[in-house]
Amino acid sequence: KMKTALRYFRQHAKESLIRTAIITFICLVIVTMVVQGVNETYQRQKEYSENWYVYGYSEDFTWTLDPSLGFFVAFSAILTTLLPMLELACFNSRKYLDSAFSFPIARISLISVNLINGFVQFLAAYTLSFIWYTIALLPCADKISYPALWSFFFISLLCSLFYYAVNAFFFSVCNSTVDGFLTAAAWQFIIALVLVTLCEMFDGNFEEEIILTILWMPLVQICDYFSSMSRGRSVVVPDLGTDNPYAMLIYLIVVPILTALFVAGILYFFNKKRTESAGEISNTPFSY
């Protein structure tokens, strides 16, 4: 069965190569455009800093270079929402389920292949884009902290795996693609409230605006933190909307636990999935 699962994975991965290439290409183009602007700003500010007295400054020039990491948050939010849906949408077809369940492969292995393949696509596009980002920033490396950039990268991967698992779970428990999309989108807000409640338990005070936020908003604050660190600025640890300086640590401990629970839930409910329910209105308690 393991050999069959590996053969199915190779075949499935080969079929999605074009999608992976297109996603990676789009991400690389966006990164190139962003970095070009950063490098142009660096060259302009470098000229000013070397000739500040010519431009009439009364004191030394202050650098304001901003190698923002925000577009990587956008990459994570978009890809971890769409890719699990693209990978699991086939299981909402009765015809496909009839064929898939007749394969000499366990159900858990079947859906695991699709889940892993989807995250591998994200990993390929995200990692290659980030590597290219760090290479393209070399012209202004003297004003950027690469350890801060790579710290953000690894933490963002952990968060992205969590977002991927959340969207995959709520999509997989539904019987149709439309139901799955709407359910997963709604739970991006609901899970955010759960995380806020956990933070409140450790602090008791948080910004009201975070109640209106979405699941990946903590990654935005983590991004802001490491963006500031990459500019060499000393900043406080992001509190993720609370007054607790340990909120980010709590978040990074809770996230892997929740990720494991969501993955276990995907496997559990898919193992009980019935072919005749595919395409029907979703009657799971997690949806309507």
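The values are calculated or read from the model by the stated rules, or taken from the named source; none is laboratory data. Keep in mind it's a predicted model, so treat the numbers as computed, not measured. FYI the Cβ positions are ideal-geometry reconstructions off the backbone, even for glycines, and counts take in every protein chain you see. We work out accessible area using only protein heavy atoms, side chains counted, and drop any ligands, DNA or RNA first. Shrake-Rupley method; radii C 1.70, N 1.55, O 1.52, S 1.80 Å.
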The one condition Asn117 fails out of (1) out of contact with any His (no Cβ under 7 Å at 6 or more places or on another chain); (2) part of a helix (DSSP H, G or I) is (1)
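For (1) out of contact with any Cys (no Cβ under 6 Å at 6 or more places or on another chain); (2) assigned to a loop (DSSP other than H, G, I, E, B); (3) free of Cβ contacts under 8 Å to residues at least 12 places away in the same chain, each residue gets a yes or a no:
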position: Met248; (1), (2), (3): yes, no, no
position: Ile253; (1), (2), (3): yes, no, yes
position: Leu261; (1), (2), (3): yes, no, yes
position: Phe269; (1), (2), (3): yes, no, no
position: Glu276; (1), (2), (3): yes, no, no
position: Glu280; (1), (2), (3): yes, yes, no
position: Thr284; (1), (2), (3): yes, yes, no
position: Ser287; (1), (2), (3): no, yes, no
Subset of the range 111-131, residues more than 16 Å from Val173 (Cβ to Cβ) and hydrophobic (A, V, I, L, M, F, W, C), comes to Val113, Ile116, Phe119, Val120, Phe122, Leu123, Ala124, Ala125, Leu128, Phe130, Ile131
Picked from the range 122-150 (must be free of Cβ contacts under 8 Å to residues at least 40 places away in the same chain and within 17 Å of the chain's Cα centre (by Cα)), the residue nearest to Ala13 (Cα to Cα) is Leu123
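Identify, please: which residue in the range 176-220 is assigned to a helix (DSSP H, G or I), of a type in the set (S, T, N, Q) and crowded, with 18+ Cβ neighbours inside 10 Å and is, among those, modelled with the lowest pLDDT? Walk me through it before giving the result.
Here is the first cut: in the range 176-220, the residues assigned to a helix (DSSP H, G or I) are 177-203, 208-212, 217-220.
Filter once more, so that each one left must be of a type in the set (S, T, N, Q): 177, 183, 188, 197.
Add one more test, that the residue is crowded, with 18+ Cβ neighbours inside 10 Å, and what stays is 177, 183, 188.
Details: Thr177: 87, Thr183: 90, Gln188: 84.
Out of the qualifying residues, it is Gln188.
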Looking across the range 75-91 at residues that are at pLDDT below 90 and open to solvent by 20 Å² or more (accessible area, probe 1.4 Å), the single one that is farthest from the chain's Cα centre (by Cα) is Cys90
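Among the residues in the range 93-101, are any basic (Lys, Arg), in contact (Cβ under 8 Å) with a residue 24 or more places away in the chain and out of contact with any Cys (no Cβ under 9 Å at 6 or more places or on another chain)? Walk me through it before giving the result.
Here is the first cut: in the range 93-101, the ones basic (Lys, Arg) are 94-95.
From what's left, in contact (Cβ under 8 Å) with a residue 24 or more places away in the chain: 94.
If we keep only those that are out of contact with any Cys (no Cβ under 9 Å at 6 or more places or on another chain) too, we end up with 94.
Yes, the conditions are met somewhere in the range 93-101.
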